[in-house]
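Asker: Mind having a look at this structure? Questions to follow.
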Amino acid sequence: MLQGRFVGELPELAVPWKAEAAPQPQLLVVNEPLAAELGVDADWLRGPDGLGLLTGTVVPSDATPAAQAYAGHQFGGYQPRLGDGRALLMGEFVDSTGRLRDLHLKGSGRTPFARGGDGLAAVGPMLREYVISEAMHALGIPTTRALAVVATGRPVYRDTVLPGAVLARVASSHLRVGTFQYAAAVSAREGNVDLLRRLADHAIARHHPAAAVAENRYLALLDAVSAAQAKLVAQWMLVGFVHGVMNTDNMTISGETIDYGPCAFMEAFDPATVFSSIDSSGRYAYGNQPAITLWNLARFAETLLPLIHENSGAAIALAEASLDSFAGLYETAWTDGMRAKLGVPGAPAESVTPLIEQLLPQMQQSHVDYTLFYRLLAGAARGDAEPVRGEFIDLAAFDEWLGRWRALEPDPAVMDRVNPVYIPRNHLVEDALTAATGGDLGPLQQLLTAVTAPFEERPGSERFAEPGEKEFSASFQTFCGT
Ligand code: AMP
Ligand code: MG
């Protein structure tokens, strides 16, 4: 059932390892559509062998679970050895479309990369990753997926004693910028680029196959990762997602969002929005995300230099030229996305760009809810402008803006297809996780129903569309190391 491509091709980056026991496994949530995509029977997953696979305690005979090695820049500081401290790669499925998909368990116990950590995860944070990653997928944003969360029956000691859990997640791979940083360091130490080249070839085969036929395949890999990440961060910005911990070990080569720790969705529009309790300088604030993506790509480019050209000066010039295209790719993805959000997909750049530039400061000034705004604006396109006007303090300025927007003949149907009604709002997520930690999964299921069909307004679900209380939102913080 599971392949061992990563472990087989890159043994230097994999430490075969076993999960810790799960004394009382209890399935909290399982993703049936995803299981079907993987060709796995959801009812089997509910049984003893399935729960064993989802906790790593029953290993299929052909599988070699392993902790993956990687390095990374954390808040700008380089850490040569991070790796999966509390996670295991079980192997790869071949999904129904023939693609390889990693099965990875988070919270499965200490590994040789655990450092001071206990290797465990609590029910709340694992369900949090489940809800937010599935919401991102439903929003059309590339992401790792959540297959299941299983409570282990083991206590986890944080500020209080919490129930432990394992998240089973699926990704097109877990290759990170930090994986390349680790391999580049090994290659530099050993004086040959064998490992680095094998890693790059593995990444090209799995994620960016067009690079394999390019004149300079490793430069083409850099181009492809840069393009995928430019599109990804534009999509985050378009929905108001704040990742929270964009360390280079939390950035994938595939272009999927990964590692949902202190992430959250912005409510009142403000580029300085930060939720993470440890991001005191705002390095990973909403508005900094495109610049940080480019910074991380520069770290990725550095690892590829010896493969790009044997002459280091020439390699640097090629890599810099590649990274120079990031800004344009990002701008295009962002502006195209905003055209759709504003319902003017065909409008020329000369009219859309100033429209965006004049809108955002007004939203910031009036603390307008970034998600609700676009649905209310669609109402204005249908003839009822009062609800959206009610969000703004400086009405004269907003009315002027509305006039120029209307002149572009916005299409509300286009808007409603791309602007979500339901996002995993912080107060809703917190309430659902608190209930789930206490044993009541009802609110979590209701929240999942709303955020996994985010564009269709459903009667009876109004409270899922509303922002939290201002006091709650203003003080909301998320925590790392969960
Ligand atoms: P993250 O902040 O989730 O990206 O994790 C950064 C690093 O810390 C990774 O190497 C993780 O595997 C490791 N880590 C996080 N939490 C734990 C834990 N409870 N036990 C062991 N390692 C951990
Ligand atoms: Mg991580």
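The values are calculated or read from the model by the stated rules, or taken from the named source; none is laboratory data. It should be emphasised that the depicted structure is a prediction, and the values quoted were computed from it without experimental measurement. Glycine gets a Cβ as well: all are built from the backbone with ideal geometry, and neighbour counts include every protein chain shown. All accessible areas refer to the heavy atoms of the entire protein, side chains included, with ligands and DNA or RNA removed. Shrake-Rupley method; radii C 1.70, N 1.55, O 1.52, S 1.80 Å.
Asker: Using the beta-carbon distance between R404 and F472 and R0 = 30 Å, what value does 1/(1 + (r/R0)^6) give for FRET efficiency, to the nearest 0.05? List each step's numbers first, then the result.
Answerer: Values: r = 35 Å, r/R0 = 1.16.
The pair R404/F472 has a calculated efficiency of 0.30.
Asker: Another question about this same structure. D for the range 401-472, whole µm²/s, Stokes-Einstein with Kirkwood Rh over alpha-carbon pairs at 10 °C and 1.306 mPa s: what number?
Answerer: Values: Rh = 14.1 Å.
Rounded to a whole number, D works out at 113 µm²/s.
Asker: Would you kindly work out the equivalent ellipsoid of the range 371-419 from its C-alpha gyration tensor and give its semi-axes, the square roots of five times the eigenvalues, largest first in whole Å? List each step's numbers first, then the result.
Answerer: Working: eigenvalues 60, 32, 13 Å².
Taking √(5λ) for each eigenvalue gives 17, 13, 8 Å, largest first.
Asker: Could I ask something else about it? Quick check: pseudo-label points 7 Å beyond the Cα along Cα→Cβ at I356 and D41, how many nm apart are they?
Answerer: About 5.0 nm, to one decimal.
Asker: Quick one: Debye curve from the alpha-carbon atoms of the range 223-267 only, equal weights, vacuum; give me log10 I(q)/I(0) at q = 0.14, 0.16, 0.30, 0.32 Å⁻¹ to two decimals.
Answerer: Debye intensities relative to I(0), on a log10 scale: -0.31, -0.40, -1.19, -1.26.
Asker: Tell me whether the range 1-102 comes out rounded, prolate or oblate; compute the Cα gyration tensor, take square roots of the eigenvalues as a ≥ b ≥ c, and use a/c under 1.5 as the rounded threshold. All intermediate terms of the calculation are to be shown ahead of the outcome.
Answerer: Details: a/c = 1.84, a/b = 1.54, b/c = 1.19.
It is prolate, given that a/c is not under 1.5 and a/b is the larger ratio.
Asker: Which aspartates and glutamates have a Cα lying under 19 Å from the Cα of K470, excluding residues fewer than 8 positions away in the same chain?
Answerer: E267, D270, D369, E391, E430, D431, E462
Asker: In whole angstrom, how far apart do the alpha carbon centroids of the range 1-31 and the range 135-178 sit?
Answerer: A separation of 13 Å, based on Cα centres.
Asker: Right, here's the next one. Distance in nm between label sites at I393 and T335, each 7 Å beyond Cα in the beta-carbon direction?
Answerer: Distance between label points: 3.1 nm.
Asker: Still on this structure, I have one more. Compute the projected area of the convex hull of the Cα atoms of the range 84-236, averaged over all viewing directions, and report it in nm² to one decimal place. Intermediate results must be reported in sequence, preceding the final value.
Answerer: Values: hull surface 44.6 nm².
Orientation-averaged projected area of the Cα hull: 11.2 nm².
Asker: Can you tell me the length gained on complete extension of the stretch Q26 to V213, counting 0.36 nm per residue apart and subtracting the Cα distance?
Answerer: Details: separation 187, 0.36 × 187 = 67.32 nm, distance 4.75 nm.
Extra length from Q26 to V213 when fully extended: 62.6 nm.
Asker: Would you kindly calculate the translational diffusion coefficient of the range 278-407, applying Stokes-Einstein with the Kirkwood radius from alpha carbon pairs, for 10 °C and a viscosity of 1.306 mPa s, and quote it in µm² s⁻¹ without decimals? Kindly include the intermediate steps, with their values, before the conclusion.
Answerer: Details: Rh = 17.6 Å.
Reported coefficient: 90 µm²/s.
Asker: In terms of the ratio Rg/(2.2 N^0.38 Å) built on C-alpha atoms, what value belongs to the range 5-174? Intermediate values should be presented prior to the final figure.
Answerer: Numbers: Rg = 15.4 Å, N = 170, 2.2 N^0.38 = 15.5 Å.
Expressed relative to 2.2 N^0.38 Å, the Cα Rg reads 0.99.
Asker: How would I393, I253 line up by accessible area, probe 1.4 Å, largest first? Working shown, then result.
Answerer: Working: I393 120, I253 0 Å².
Correct descending sequence by accessible area is I393, I253.
Asker: Something else about it: Once a ≥ b ≥ c are taken as the square roots of the eigenvalues of the Cα gyration tensor of the range 158-244, is the result rounded (a/c under 1.5), prolate (a/b larger than b/c) or oblate (a/b not larger than b/c)? Don't skip to the answer; put the middle values down first.
Answerer: Values: a/c = 2.40, a/b = 1.42, b/c = 1.69.
It is oblate, given that a/c is not under 1.5 and a/b is not larger than b/c.
Asker: Mind giving me the nanometre distance, one decimal, between the label points for E430 and V161, set 7 Å out from Cα along Cα→Cβ?
Answerer: 2.6 nm
Asker: Loop-only check: which chymotrypsin sites (Phe, Trp or Tyr not before Pro) in the range 340-429 are DSSP coil with at most 13 other Cβ within 10 angstrom? All intermediate terms of the calculation are to be shown ahead of the outcome.
Answerer: Working: sites: Y370, F373, Y374, F392, F398, W401, W405, Y422; in loops: F392, Y422.
Here no chymotrypsin sites (Phe, Trp or Tyr not before Pro) fit, given the DSSP loop and packing criteria.
Asker: Run the 1.4 Å probe and let me know the accessible area of S281, rounded to the nearest 10 Å².
Answerer: We get 100 Å² for S281.
Asker: Here's a follow-up. Once you compute Rg and the Kirkwood Rh from C-alpha atoms, what is the Rg to Rh ratio for the chain? All intermediate terms of the calculation are to be shown ahead of the outcome.
Answerer: Numbers: Rg = 22.8 Å, Rh = 23.4 Å.
Ratio of gyration radius to Kirkwood radius for the chain: 0.97.
Asker: Something else now. Taking only the alpha carbons of the range 178-333, what extent do you get along each of the three principal axes, in Å, biggest first?
Answerer: Answer, in whole Å and largest first: 49, 32, 28 Å.
Asker: Give the accessible area for D399 in Å² (nearest 10); use a 1.4 Å probe, count only protein heavy atoms, and leave out ligands, DNA and RNA.
Answerer: 60 Å²
Asker: Would you mind getting the accessible area per residue of the chain, heavy atoms of the protein chains only, 1.4 Å probe, in Å²? Please report the intermediate quantities before stating the final value.
Answerer: Details: 18830 Å² over 482 residues.
Here the per-residue accessible area is 39 Å².
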